[in-house]
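The values are calculated or read from the model by the stated rules, or taken from the named source; none is laboratory data. All values reported here derive from a predicted model rather than from experimental measurement. In this analysis, Cβ positions are derived from the backbone assuming ideal geometry, glycine residues included, and neighbour counts consider all displayed protein chains.
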């Protein structure tokens, strides 16, 4: 029986192993027949024999028929093998593998062709948007010999994108990755991470510290603490110090945080500011609360001097502070609740209005007043709605006083609706008939000193800022009868330093009405021309 007849007999018996072993035969005719036979069987078990054979095969027909057999077998196994040959350094093999993959509807086959085309064009944007389907393809590409032949710039682009998409690079690239500040589980060892703590680049030291924290090896807190102590010295890097402190906290070691706590009481203002900022950046419940309680009960004798610095740092940290401290709205001490109100007003938390709604109903009058003032400082439509909902809960005149401080258009409108005796203005400022945005607007009232009879002008409204089309809204604080008022407009300061000009115009209003006001800066005469109208009440 000829060798080829033996192949046919094994084909009839579906003997995948026997045909696969025939791919190593010295007779090229036998290898060709075996390569074709495995494709006819379409058994996934034949993939490993074809893949092993094709990596060493020199005969053109064996390679061609072997790749075609992988296409016929298809499935996850066949597609995976074809993807490995797609990134072969042998251009002929790569071309044949690409042709085979392009005929398959398998998601990985489609992704492989997309990756190949994007890489050929250096189209990193497209490559970055291929999503999870490209993950396995990129892992194969990173392990290929073809990848190693490309310039370092191209390799780095592909490597970074592959990692972002979740691909796993070979261990042999761990130094290359570490040099880029990328540390991956399964690629790098704890030793690599500890070595990374001493790298000259702060970004790499930060990456190594964070990865050590995630690794959960408590004994690594020792090298982290040594690095922390170096970074808080003059010439060290603040961000690296914070990263090492965060990693130590994850490992259950509070020594770095305690160092920062100690620095809060120092006489060096810069050291205090650096420690406070670090604690907010660490951002755990404990570190944020540590700063809050320092402000509530500063240590003596020098610590109280640092309260303004720490309070300013808490405010600058933004909404995360409120997320950590909002539970204190139920605290038994009014001073604690009062400080929380102040932070809510200044930190820009998304739920600020709802928190202040609760605190405005506090049983302590000082906390109530502070919460209402804080709602006014928010100056939003949501704050106006919250104030409206409080009219039957807190004294009505408190709500009206607070609404009078709001310059959002909904504020004066709601004030006049709740108190028809109030005086409100809705207007627009123009400069040579062009909308003047971001200008300051305030109403002043004439005041005569009864002893000297000298006339002065005092603020009788909040200070508003015009919107992009020059619009503004104001409420008059107090007025009775017909009163002389003065509108004061301050032009915005431009990037070139120009601006800040002051224009005024006097007029008379009857209290208890809503007015419209159009004010135009006449540059030719350098004055402000005002046109006043009464808003007609709906009946």
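Please determine whether any residue of region 392-402 is surrounded by 15 or more Cβ atoms within 10 Å (Cβ to Cβ) and within 22 Å of residue 323 (Cβ to Cβ). Within region 392-402 (the criterion being surrounded by 15 or more Cβ atoms within 10 Å (Cβ to Cβ) and within 22 Å of residue 323 (Cβ to Cβ)), the answer is no, since none of the residues qualifies.
In summary, residue 160 fulfils each of the numbered conditions (1) surrounded by 16 or more Cβ atoms within 10 Å (Cβ to Cβ); (2) modelled with pLDDT under 85; (3) in a helix (DSSP H, G or I) with the single exception of condition (1).
Of everything listed in (1) touching a helix residue (DSSP H, G or I) at 6+ places or on another chain (Cβ under 8 Å); (2) without any contact (Cβ under 8 Å) to a residue 12 or more places away in the chain, the single unmet condition for residue 204 is (2).
Just to be sure, is residue 130 out of contact with any strand residue (DSSP E or B) (no Cβ under 7 Å at 6 or more places or on another chain), surrounded by 17 or more Cβ atoms within 10 Å (Cβ to Cβ), modelled with pLDDT of 80 or more and not in a helix (DSSP H, G or I)? Answer is yes for this residue.
In the set 121, 91, 155, only one residue is surrounded by fewer than 18 Cβ atoms within 10 Å (Cβ to Cβ), within 30 Å of residue 205 (Cα to Cα) and either out of contact with any helix residue (DSSP H, G or I) (no Cβ under 6 Å at 6 or more places or on another chain) or in contact (Cβ under 8 Å) with a residue 24 or more places away in the chain (or both); that residue is 155.
Looking across 64, 36, 108, one residue alone is under 29 Å from residue 132 (Cβ atoms) and in contact with a helix residue (DSSP H, G or I) (Cβ under 8 Å, 6 or more places away or on another chain). It is 108. Listed by first and then second residue, the pairs with beta-carbon distance under 6 Å, at least 6 apart or on different chains, first residue in region 338-356 and farther than 12 Å from residue 369 by Cβ, second in a loop (DSSP other than H, G, I, E, B), are 347/318; 348/318. Condition check for residue 461 on (1) within 37 Å of the chain's Cα centre (by Cα); (2) under 19 Å from residue 406 (Cα atoms); (3) in a loop (DSSP other than H, G, I, E, B): one failure, at (1). Among residues of region 420-430 being crowded, with 19+ Cβ neighbours inside 10 Å and modelled with pLDDT under 95, the one that is farthest from residue 461 (Cα to Cα) is 427.
Using the structure shown, decide if residue 42 is over 30 Å from residue 161 (Cα atoms), in contact with a helix residue (DSSP H, G or I) (Cβ under 6 Å, 6 or more places away or on another chain) and either surrounded by fewer than 17 Cβ atoms within 10 Å (Cβ to Cβ) or modelled with pLDDT of 90 or more (or both). In short, yes. Inside region 363-419, can you point out the residues that are under 31 Å from the mean Cα position of the chain (by Cα) and more than 20 Å from residue 461 (Cα to Cα)? The answer is 371, 382, 385, 386. The set of residues in region 15-36 being in a loop (DSSP other than H, G, I, E, B) and farther than 14 Å from residue 49 by Cβ consists of 26, 27. So which residues in region 477-518 are in contact (Cβ under 8 Å) with a residue 60 or more places away in the chain and not in a strand (DSSP E or B), if there are any at all? Within region 477-518, 477, 491, 511, 512, 513 meet the criteria. Reported count of residues in region 94-109, each being in a helix (DSSP H, G or I) and surrounded by fewer than 17 Cβ atoms within 10 Å (Cβ to Cβ), is 4. Note on region 322-337: among residues that are in a helix (DSSP H, G or I) and free of Cβ contacts under 8 Å to residues at least 24 places away in the same chain, the one that is surrounded by the most Cβ atoms within 10 Å (Cβ to Cβ) is 327.
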